[in-house]
Amino acid sequence: MLEPAAPQLEPAFDAANQRVHVITHGCQMNVYDTHRILQVLGAAGWVETSDPTLADLVLVNSCSVRDRPEKKIIGTLSRMLPLKEAHPGLRFGVCGCVAQQHGESLLKKVPYIDIVFGPDRIADLPEIIAENRTGRRVAMTELDDPSDHAFLPVDPTVETGPSAFLTIMKGCDRFCSYCIVPYVRGRQVSKPAAVVVAEVESLVRVGVREVTLLGQNVNAYGKDRAGEPSFADLLARVAAVVGLYRVRFVTSHPADADDAMLDMFGSLPSLAKGLHLPVQSGSDSVLFRMRRGYDVARYMDRLARVRRACPGIALSSDIIVGYPGETPEDFEATMSLVQAAHFDSLFSFKYSPRPGTAAAKVKDDVPETEKAARLARVQSLQDSISARRMNGYLGSEEVVLVEGPSRFARVGGRGKLRTEVQGRTSTNVMVNFGIDRVAAEARGRLVRVRIDEVLSHSLRGTVISWEAD
Ligand code: 5AD
Ligand code: SF4
């Protein structure tokens, strides 16, 4: 049994050298927000720690898109409760989409959560913490008015590798029937193109060589703001930044994926050869009820167009199985689409109702066991397709952007130290290979590699030549 802690007077709060530990769930948008949180706290004197036992604040950056998000947060924080007993100054916070959705009610429900704040309130975090230190539990979840949302500027000094994320828009105006994003992230707001380009340039100056442009529906970029270029034009401007080797982007919506954008894959050499284009279902009737705004024929036409523009492009997608009213025939149509599309990878999920969405008003009528069986079938079909796609790399030459050392360093012949590094192909597949120089020299360089071995999710290869800087 723990002795009851002696009553302590809390010293006046000083942010200098306070330590924060952040646990990030969900998509790249949340990873990006975690960086911004660390940036805002860093400016106030905080430092990040990867060890929760040393932290003064543990934050869970939550995701509410699927599964049981609240349970996950409560599980994570309740496992950390003993840390609060050991360190009475420790505070727990929840941010991200679940925080936005539940706000103050999270404080009511979970007594050991101290602060709750939404994605639009990251800049207010120092004040939220200061208020909490006066003894109040604080929930702050107002969404910005789209007309005056201010994006937090990128801080290039926090970048540590050659790849960086860059948000180009927030929110979503699509309102797909099953999706909670428009409710928790708000309406679409695009970042001005001039700011995007200037931020990419600032990242390149600190050694970033690859940027991934982020948004819930990047193809609709600019549509909310008069005078901004289309997404295709923005891509061309970003790709023209000198010193940037690769541009990627997520996520695309098939209904907004226009010809101009798809054709860019054939005309912009620095546009990486990969497109994530979520289809969600292979049944026209399900797509209609999901309010997706396209049918299977249109989707397949998008795939064909981008493959014509860029043969060998890696395509990936998302599928939801067990949407309300999905019949066995609807599901077979999804299986046929997956077979025909030949995706490199696929993320598939069982439908789960999200509170407040249109789909949540209709009965979630596909039994859980049936959802699980459909998920297993689509995943096993995709596994065999993915394996075939991966085998296609054997013997090929790939240009790899070196990210850094692999987990294992190897000693080569005659005692000579060889460094094992890893990086990604243009199609976003991880490759491990040995080099004769230290990893720091290779980081951020492009290297031509011959692929000698295919593993289930990565490749191994041998250096052929280093590309010129
Ligand atoms: N149930 C299941 N999957 C969902 N997704 C979004 N909302 C739901 C939901 N309610 C999936 C979609 C989307 C991906 C990010 O998450 O496939 O593309
Ligand atoms: Fe959700 Fe649809 Fe917007 Fe994607 S496009 S974030 S699925 S509402």
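The values are calculated or read from the model by the stated rules, or taken from the named source; none is laboratory data. This one's a predicted model, so the numbers in the text were calculated from it and none came from an experiment. Note that each Cβ is placed from the backbone with ideal geometry, even for glycine, and that neighbours are counted across all protein chains shown. We work out accessible area using only protein heavy atoms, side chains counted, and drop any ligands, DNA or RNA first. Shrake-Rupley method; radii C 1.70, N 1.55, O 1.52, S 1.80 Å.
Assuming Pro328 fulfils every condition listed in (1) crowded, with 17+ Cβ neighbours inside 10 Å; (2) free of Cβ contacts under 8 Å to residues at least 24 places away in the same chain; (3) of a type outside the set (Gly, Ala, Ser) apart from one, which condition is it?
Against the list (1) crowded, with 17+ Cβ neighbours inside 10 Å; (2) free of Cβ contacts under 8 Å to residues at least 24 places away in the same chain; (3) of a type outside the set (Gly, Ala, Ser), Pro328 comes up short only on (1).
Right, Arg437: touching a strand residue (DSSP E or B) at 6+ places or on another chain (Cβ under 8 Å) and modelled with pLDDT under 95 or not?
yes
For the condition open to solvent by less than 20 Å² (accessible area, probe 1.4 Å), at pLDDT 95 or above and charged (D, E, K, R), what is the one hit in Arg246, Arg307, Arg298?
Arg246
Within the stretch 331-344, is there a residue that is within 19 Å of Leu271 (Cβ to Cβ), open to solvent by 10 Å² or more (accessible area, probe 1.4 Å) and in contact (Cβ under 8 Å) with a residue 12 or more places away in the chain?
Taking every residue of the stretch 331-344 in turn, at least one turns out to be within 19 Å of Leu271 (Cβ to Cβ), open to solvent by 10 Å² or more (accessible area, probe 1.4 Å) and in contact (Cβ under 8 Å) with a residue 12 or more places away in the chain.
Suppose the filter is crowded, with 21+ Cβ neighbours inside 10 Å, assigned to a loop (DSSP other than H, G, I, E, B) and in contact (Cβ under 8 Å) with a residue 40 or more places away in the chain; does Arg292 pass it?
Spelling it out, Arg292 is indeed crowded, with 21+ Cβ neighbours inside 10 Å, assigned to a loop (DSSP other than H, G, I, E, B) and in contact (Cβ under 8 Å) with a residue 40 or more places away in the chain.
Starting from the stretch 162-183, take each residue that is within 16 Å of Gly118 (Cα to Cα) and list its partners that are among the small types (Gly, Ala, Ser) and within 14 Å of ligand 2 (Cβ to nearest atom), counting only C-beta distances under 6 angstrom and pairs at least six apart or across chains.
From residues that are within 16 Å of Gly118 (Cα to Cα), the pairs are Gly171/Gly186; Ile180/Ser64; Tyr183/Gly356.
State whether the residues of the stretch 96-118 include one that is open to solvent by 60 Å² or more (accessible area, probe 1.4 Å), among the hydrophobic types (A, V, I, L, M, F, W, C) and outside any helix (DSSP H, G or I).
Within the stretch 96-118 (the criterion being open to solvent by 60 Å² or more (accessible area, probe 1.4 Å), among the hydrophobic types (A, V, I, L, M, F, W, C) and outside any helix (DSSP H, G or I)), the answer is no, since none of the residues qualifies.
Can you tell me which residue within the stretch 151-184, out of those that are polar (S, T, N, Q) and over 14 Å from the mean Cα position of the chain (by Cα), is surrounded by the most Cβ atoms within 10 Å (Cβ to Cβ)?
This residue is Ser177.
Among (1) in contact with a Gly (Cβ under 9 Å, 6 or more places away or on another chain); (2) within 16 Å of ligand 1 (Cβ to nearest atom), which single condition is Ala220 missing?
Unmet for Ala220, out of (1) in contact with a Gly (Cβ under 9 Å, 6 or more places away or on another chain); (2) within 16 Å of ligand 1 (Cβ to nearest atom): (1).
Among the residues of the stretch 123-146, count how many are open to solvent by 50 Å² or more (accessible area, probe 1.4 Å) and touching a Leu at 6+ places or on another chain (Cβ under 9 Å).
Of the residues in that region, 2 qualify.
When the residues of the stretch 176-193 are narrowed to those that are in contact with an Asp or Glu (Cβ under 9 Å, 6 or more places away or on another chain) and aliphatic (A, V, I, L, M), which ends up farthest from ligand 1 (Cβ to nearest atom)?
Ala193
Under the condition of being farther than 14 Å from Ile319 by Cα and either modelled with pLDDT under 95 or aliphatic (A, V, I, L, M) (or both), which residue from the stretch 374-388 is most open to solvent (accessible area, probe 1.4 Å)?
Ala387
Quick one: what pairs do we get from the stretch 345-358, first residue farther than 16 Å from Lys371 by Cα, second near ligand 1 (Cβ under 7 Å from one of its atoms) and open to solvent by 50 Å² or more (accessible area, probe 1.4 Å), C-beta under 8 Å, 6+ apart or different chains?
Pairs that qualify, where the first residue is farther than 16 Å from Lys371 by Cα and the partner is near ligand 1 (Cβ under 7 Å from one of its atoms) and open to solvent by 50 Å² or more (accessible area, probe 1.4 Å), are Arg354/Val65.
Filter the stretch 234-250 for residues that are assigned to a loop (DSSP other than H, G, I, E, B) and touching a residue at least 60 places away in the same chain (Cβ under 8 Å) and give the result.
Scanning the stretch 234-250 gives a single hit, Tyr245.
To keep it simple, each residue is scored yes or no on (1) assigned by TED's automatic domain parsing to the domain that holds Met264; (2) in contact with a Leu (Cβ under 9 Å, 6 or more places away or on another chain); (3) under 19 Å from Met29 (Cβ atoms); (4) of a type in the set (A, V, I, L, M).
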| site | (1), (2), (3), (4) |
| --- | --- |
| Leu203 | yes, yes, yes, yes |
| Gln216 | yes, no, yes, no |
| Ala220 | yes, no, yes, yes |
| Glu228 | yes, yes, no, no |
| Asp233 | yes, no, no, no |
| Ala236 | yes, yes, no, yes |
| Ala239 | yes, yes, no, yes |
| Arg248 | yes, yes, yes, no |
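Output the residues belonging to the stretch 60-95 that are in contact with a Leu (Cβ under 9 Å, 6 or more places away or on another chain), open to solvent by less than 20 Å² (accessible area, probe 1.4 Å) and part of a strand (DSSP E or B).
Val60, Phe92, Gly93, Val94, Cys95
So that you can scan it fast, the table gives a plain yes or no per residue for (1) within 24 Å of Phe265 (Cβ to Cβ); (2) open to solvent by 40 Å² or more (accessible area, probe 1.4 Å):
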| residue | (1), (2) |
| --- | --- |
| Val421 | no, no |
| Arg424 | yes, yes |
| Asn428 | yes, yes |
| Asn432 | no, no |
| Asp436 | no, yes |
| Ala440 | no, yes |
| Arg460 | no, yes |
| Ile464 | no, yes |
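Which of the residues belonging to the stretch 342-383 are within 11 Å of ligand 1 (Cβ to nearest atom) and of a type in the set (Ser, Thr, Tyr)?
Ser348, Tyr351, Ser352, Thr357
Just a yes or no: is a residue in the stretch 322-333 under 30 Å from Tyr183 (Cβ atoms) and under 22 Å from the mean Cα position of the chain (by Cα)?
no
In the stretch 174-215, how many residues are under 30 Å from Asp67 (Cα atoms) and either near ligand 2 (Cβ under 9 Å from one of its atoms) or not aliphatic (A, V, I, L, M) (or both)?
Looking only at that region, the number is 17.
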